[in-house]
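Presented below is the structure to which this report refers.
Just so you know, all these numbers are worked out from the coordinates, no wet-lab data involved. For clarity, every value in this text was computed on a predicted model and none was experimentally measured. When we count neighbours, we look across all protein chains shown, and the Cβ atoms used for this are built from the backbone with ideal geometry, even at glycine.
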Amino acid sequence: MKCPYCAHLGDKVVDSRESKEGEVIRRRRECLDCGKRFTSYERIDEIPYMVVKKDGTRERFSREKLIGGLLKACEKRPVSVAALEGVADRVEATLQERPEKEIATADVGGFVMEELKKLDKVAYVRFASVYRHFRDINEFADELKQLLNPKD
């Protein structure tokens, strides 16, 4: 680590502390040349996951946006926020397991719909109606029939 005072490259770590969240390590260092102390911070450099939208544009994956959509789908439904956080956790875990750093919104939406189907059927239908852009009432009715009679 280069000393900010004299630019010497030698130093020793005097103290190390982890942040409360455990995401950052703060290190107090002392320059071996001039003896002055300085602080450095160490954190994991994360490569952002990108979602590829239907029109081909790319944007950063946003957990907040995902939870916002889940909250809208589950409005006035008996689904806990903890359950929705769990869905978001599973989506993020799926992203982290993938070797690619990009995922299609269709893949994310499909995964979310499967999770909502297990949690709450009404929330699933709400999410699907927005996500799938049903063109008419017949498409919506077909989806409901499949939900009510999964073996047909």
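Quick look at the numbers
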item	result
Test item: Cα-centred dipole of the chain, Lys/Arg +1 and Asp/Glu -1 on Cβ, debye	420
Spherically averaged projected area in nm², based on the convex hull that wraps the Cα atoms of the chain	13.7
Nonlocal amide H pairs with residue 50, under 5 Å, H built at 1.01 Å	61, 102, 103
FRET efficiency, 1/(1 + (r/R0)^6) with R0 41 Å, evaluated for residue 121 and residue 28 via beta carbons	0.15
